[in-house]
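Report on one structure; see the data block that follows.
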Amino acid sequence: MDEIKLLEQAPLFCADKHVSYIVRLTQQLSSPDSFEGALTEHLKMSGVYWALTALSLLTAKKTVDELMNTAEIVDWVITCWDETSGGFAGNTGQDGHILYTLSALQILALTDNLNDPRIQFDRVVRFIASLQQTDGSFVGDAFGEIDTRFTYCAFQSLALLQALHEIDIHAAVNYLKRTLNFDGGCGANIGGESHAGQVFCGVAALSIACRLDVIDGDQLGWWLSERQVDSGGLNGRPEKQADVCYSWWILSALSIIGRVSWISGDRLAGYILKCQDGDDGGIADRPDDMPDVFHTFFGVAGLSLLGTLHRGENINRFSRTIDPVYALPSDIVRNLKLPGQVMIHDELDSRLAIYCTLEEKTR
Ligand code: GRG
């Protein structure tokens, strides 16, 4: 069966149901007595970022403000600022961590509150800079392990605060370079197995630093495209099951290195659409599993990157596009003039025209 037919036979994108699902779920996140609230209590900050960003792609900004009561969300984010460390916590009364600091700053960027006078942003910058180690790597908090996820979080957080100059970018890039593996991918630290989630972190961090020159685009593109399995979905490493979240981790990396066409977008879109809950909304990791806000965000974001649903019956189902480097709506990245670099290999995606480009050398 040809690929276009496969997509035609997939369920339609049920955007309105996803909007209702996200609004319903966000109310549950705020209730520690509910199942979802209890499960996500410690990482509520990221849950709220996933929900708000997914909604921002699916509905107009005014509707998001009304549906989510964003003013109340911002007040809550402020209560999660940990005055002792200077970072933001996953929820009120917890310790600051770089993961939740990024989610908090992304929420503030989404709601246009990056200059809220209640936060001492210079202390947030100092918290992030204090996490850098002498070899250039980053830990997540004062006691944590080293992980390239934290390098990406530090880079994006400081870019949002216009403070990238406060860290040693050169040392951080050298560390990222040492996490690259022979297969073209990269791991969480030096010698770590290549994993698609870490590839996103490494590639997007190098894009923010405008240092994509350290990557072999063809080798990495090959490893990423090998992640597509028979169902059309993507796995995170060899011999593993497909999961909707890799639609984001892999497509964003492929977008940055200009090689989205190296996988079949129609087969992937068909897979994501099959993971929707057609009755109650939401997207799951795999068909027939229970949806959650993490997979709903990454499924919607993956479809946005594919641009598949800008065609045919689903035309105009997205109100904004997502940026593959910052995982924020493209207009926010453009307005804040955030830095970034992309490789031009396939035709340039017009969303990425804001970035500087790398001329690839023939290896
Ligand atoms: C702003 C989008 C954004 C991200 C912030 C937290 C972070 C930076 C990035 C996380 C990257 C990452 C490591 C993603 C992978 C998440 C995941 C599904 C891990 C599952 O790993 P395994 O080993 O699953 O349980 P597999 O699929 O390998 O079997």
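The values are calculated or read from the model by the stated rules, or taken from the named source; none is laboratory data. Keep in mind it's a predicted model, so treat the numbers as computed, not measured. Note: ideal-geometry Cβ built from the backbone for every residue, glycine included; neighbour counts use all protein chains shown. Ligands, DNA and RNA are stripped out before the accessible areas are found, and what is left, the full protein with its side chains, is counted by its heavy atoms. Shrake-Rupley method; radii C 1.70, N 1.55, O 1.52, S 1.80 Å.
Table for the structure above
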| read-out | value |
| --- | --- |
| Total formal charge among the other residues, if their Cβ is under 12 angstrom from that of Asp323, Lys/Arg +1 and Asp/Glu -1 | +1 |
| Net +/- balance of residues flanking Gln133 in space, Cβ distance below 14 Å, scoring K and R +1, D and E -1 | -4 |
| The chain - percent relative contact order, Cα under 8 Å, separation 6 or more | 18 |
| Pairs of alpha carbons in the stretch 218-363 whose separation is greater than 19 Å (percent) | 52 |
| Surface accessible to a 1.4 Å probe, per residue, for the residues of the chain, Å² | 42 |
| Furthest towards positive pole of dipole, Ser225, His165, Ser304, structure part the stretch 3-361, Cβ charges | His165 |
| Simple Cβ-charge dipole of the stretch 3-361, Lys/Arg +1 and Asp/Glu -1, about Cα centre, in debye nearest 20 | 640 |
| Low-density loop cleavage sites - trypsin sites (Lys or Arg not before Pro) in the stretch 37-142, where at most 15 other Cβ are within 10 Å (DSSP) | Arg118 |
| Sequence of Met290, Met68 from largest to smallest accessible area, 1.4 Å probe | Met290, Met68 |
| Volume in Å³ per residue [convex hull over Cα atoms, computed for the chain] | 132 |
| Cα pair distances in the stretch 146-263, grouped into 10 Å bins until the bin that holds the longest one, percent each | 15, 48, 29, 7, 1 |
| Residues with amide H under 5 Å from that of Phe88, placed H, sequence gap 5 or more | Asp82, His97, Thr101 |
| When each of Lys177/Lys240; Lys62/Lys240; Lys61/Lys274 is checked by Cα-Cα distance, pairs over 30 Å | Lys62/Lys240 |
| Summed side-chain charge close to Arg118 - residues other than Arg118 whose Cβ falls under 14 Å, Lys, Arg +1, Asp, Glu -1 | -4 |
| For Val342, residues with placed amide H under 5 Å, excluding near neighbours | Cys356, Thr357, Leu358 |
| Fraction of antiparallel bridges per DSSP, the chain only, in percent to nearest 5 | 75 |
| The stretch 3-361, accessible surface, carbon-and-sulfur percent (1.4 angstrom probe) | 50 |
